1. Does the range A:186-307 come out rounded, prolate or oblate, given a ≥ b ≥ c as the square roots of the eigenvalues of its C-alpha gyration tensor, rounded meaning a/c under 1.5 and, failing that, prolate meaning a/b above b/c?
2. From the backbone phi of the range B:367-383, what are the Karplus-calculated ³J(HN,Hα) couplings (6.51 cos²θ - 1.76 cosθ + 1.60, θ = phi - 60°) in whole Hz, Gly and Pro given as x?
3. If R₀ is 60 angstrom, what is the calculated FRET efficiency for the pair residue B:21 and residue A:275, using the beta carbon separation as r and rounding to 0.05?
4. Over the protein assembly as shown, consider all pairs of different Cα atoms and compute the Kirkwood hydrodynamic radius from their mean reciprocal separation; express it in Å, one decimal.
5. Which value in deg cm²/dmol, rounded to the nearest 500, describes the helix-derived mean residue ellipticity at 222 nm for chain A, given -39,500 (n - 2.57) per DSSP H run of n ≥ 4 and division by the residue count?
6. For the range B:409-487 and the range B:1-72, what is the centre-to-centre distance using only Cα atoms, to the nearest Å?
7. Enter the angle in degrees (range 0 to 90, nearest 10) between the Cα long axis of helix A:174-194 and the first principal axis of the Cα atoms of chain A, meaning the one along which they spread out most.
8. Find how many whole Å separate the alpha carbon centroid of the range B:360-387 from the alpha carbon centroid of the range B:110-155.
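What follows draws every value from the coordinates through simple rules; no lab data is involved. Keep in mind that this is a model prediction, so the values were computed, not measured. Note that each Cβ is placed from the backbone with ideal geometry, even for glycine, and that neighbours are counted across all protein chains shown.
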Amino acid sequence: MTENNNNDKNEAGHEKPERVVGTPSASAEERVVSEPTAENESGHAGPFEPSETHLRSEEQQRRGDKMASAWFIVATLAGIAFIASYFVFPPNASGEPAIASPQIAQYSNMLLGGTLTLAMFGIGAGMTVWARNVMPHYEVHSPYDELPSDDQEKGSFSEFFMKGADESGFTKRPLMRRTLIASMIPLGIAPVVLLRDLGPLPRDMMHHTPWENGRRMYVEGTHRALRAEDLENDPNGMISALPAIDDERYPHGISLNDQAKSVILLIKIPEDDWKDGMNQPVSEGSDETHLNWTYNGIVAYSKICTHVGCPAALYERTTHRILCPCHQSTFDATDAAKVVFGPAHRGLPQLPIGVDDEGYLISTGDFNEPTGPTFWEYQGGGGS
Amino acid sequence: MSKTTQAPKALRGVGNYIDDRFHLAKTGEKNLRKVFPNHWSFMLGEIALYSFIILLITGVFLTLWFKPSMLEVVYDGSYESMQGVPMSEAFASTLYIDFDVRGGFLMRQIHHWAALIFVAALVIHMLRVFFTGAFRKPREINWLIGVAIFVLAMVEGLFGYSLPDDLPSGMGVRILQGVMLAIPLVGTYISMFLFGGEFPGEDIITRLYVLHVLLIPALLLGLIVAHFMILWHQKHTQYPGVGKTDKTVVGTPMFPAFAVKAGGFFFFTFAVIAGLSAFVQINPVHLFGPFAPTSITSGLQPDWYMGFMEGSLRIFPNWFDFQIAGYPIMTAVLVPGLVIPGLIFGGLALWPFIEQWITGDKRARNVADRPRNAPVRTGVGVAGIVFYGVLWMAGSNDVLSETFSIDLYLTTYIFRVLAIAGPILGFVIAKRICLGLQRRDRETLEQGYESGTIRQLPSGEFIEMHKESSAETVEVLSSKRDPSSTALAEEDVDPSGVENPEARKGMGKLRRALAHWYTKDNVTVRDVEPHSGHHLHHSHDHTSQEGPEEGKDGH
């Protein structure tokens, strides 16, 4: 708001009104300033009623003045220290305490943050001391507005509005009105149409992964192809693996999209531990059983939880349970990865595996079901 | 008193220049005279406002270096531990802000802390408004704006959390996508359109970025401005006290006092957030590493305000999942992901209207309720807090299980029971406490306060002296209105013997039942004459008039 309408600060300073040179309404403005002061009575020069203004004692004000000033000085010094500490730690100069090292970055952070805190706190504390010790305590009364307008105002508005609407022809010429409304409809739909190219239609995209017959597998994060012995040397072991793809476009050799849908857990299960579920077909009407899709006690399940897609990365060796650390869906690795606890809708999809001529583990096809979070069309669409 | 200081020449010049063009002297004075009631609880909304300002400032700073790109690069920046690691440009530029931009680490931490405090402050502010009934007419629309701010703030926070593309943040996006996929019929399409294809794709960070830095902040800013302008126009509610009525507000004027207090409070808020950011590490993305859809760590925790969603995803079982002709309806995802937030936010949005429907109260209420004087509302609020709190705690059930060595699955069962039993217990206990406090208020009003002085009567009997409460206390206590409802006032049978048709309809019956529930328990003070109690023994010292509970004001 403008600062010129009421100047009642009790500050020492200009006693005499001064003319403002170059402002056209200077003389008028002086009248405005002097009026409220003249109205006040009983020696109280404040902007509000004396009964609403509880002045602080002169003693308290003097103390407050000093205290607030002390805080403002602290804030000033801290502000200077903040600027100085910016230059203490350079970004990446060799031989100096550069912030490229996490330890130094932390010191820099503490120094900058500490001085900033102090600077802010000093200003806040100073202003609070000012408001509580120097300024009066106010208990000003002011009316809440009567909220509904009175009937006359409402009636007048309504009459004015309808007269205007009538005269404009909007109410009396339905053809024009309706065609105007009709013309808005296609434009209202247009933005939705424009967003069509945000993404492709799902089609059967989510039903396929890079796994196919004969595809070798890499240990996740490496380019080392897995052999069956890698698991045999570690009974009850678990290895996380990806399809062996070396696409130069990606630093990992495989896109994140493909990683997200094709990552598997390879688990070695002792022969006696298999449960009945393994003898059921991998999908409805299929001749293959879950057990057929294992190789030499090694079973491969999708690592992505069917709940909302976190990697189900925890494997309890003793119970052969796969646990998703996000929402604790639990799957039984010996029983076709059926859900035994938690919110997942369905078990983990299984990947058929075997070995090739050179003894490397391979997939012999794609998963029996789409991997990842369960979605509406997971059983329909492209199929597997 | 000294003479009024003349306005400095320069200030007058500027003032005149502006007034010559806008005619603002009168409006300006009126607004500078605007009165703000005093109470510590009225500062909660301020914290939210100031945190938002801090978010805008630090957010702009971060955008100067952040690259919202999912292009995969091999990191070769200053931070040694990550050199040679493939990551998105988003994550690499976040590391750049941390380790190459001086003050960048601090600004990022301030941004994150301010976000947590922004949502926390607005939730606590909202609870204050709820429990004091400050949402009642004429402030229902401002309440709705507040609920919208709350929802947007959560979404804004979630998207911001996702931008650095570190491991936990990417997992947050993955969970979001998983919830989307569960939506019947259109879920797959929504996900494909938002991500520009399959998860994670190459677009999501760029898209979340523009939502996070442009669209949602603009909406938030607009809503916050509207929220504040409505507050300014309608004036703030106040607690009962001498001279404080539905017609008159009492408090501190904007100029000079409130502006300075509020300004000081802004700096305090900033100081606290800066202090946390300086000394309490938050979201150390350089330790988490870049997002990979195949990796995860246990004990993953979202930002606090997403905890209730995480918790409900954890504890809601898959027992109610079913399939229609081979198409899954995953209640275990849909209920936590959509129904529970819908209940919480929908309930919040509707409550003022539900309460108004029950009570039939159509008057403008500028004096806020003391929570105890609306026991059913307070009970409902506590039930809501308990429900939210249980879900929130369930969001860290793995951490709790680990810390207290409780079986993980057992914690899930415990939280399932608590989520249902907790709110009911919370309601009953809170309501009982309210009624107990009402009873104490009535006693205090009737008998004054217990002075702590024991006196022996000539008969040998010991009594405790009661002293007269202050005028302020008497005013506060006797201002209590009994809960009432027009539904109960309307008689079933009118004088001519015709039954009220409203009361026979289903909705009418429901309303009467709710009105009964809302008003039945109450300790009235209407028949109490202050200090009329027969146990009141006046102290000889009549100068002591200060009440024990109500100070002058609390700022």
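1. Since a/c reaches 1.5 but b/c is at least a/b, the shape of the range A:186-307 is classed as oblate.
2. Karplus-based 3J(HN,Hα) across the range B:367-383 equals 8, 6, 6, 7, x, 5, 7, 10, x, 5, 4, 4, x, 4, x, 5, 4 Hz.
3. Rounded to the nearest 0.05, the efficiency is 0.10.
4. For the protein assembly as shown, inverting the mean 1/r across all distinct Cα pairs yields 33.2 Å.
5. -11000 deg cm²/dmol
6. That distance is 42 Å.
7. The angle comes out near 50 degrees.
8. Cα centroid to Cα centroid, the span is 16 Å.
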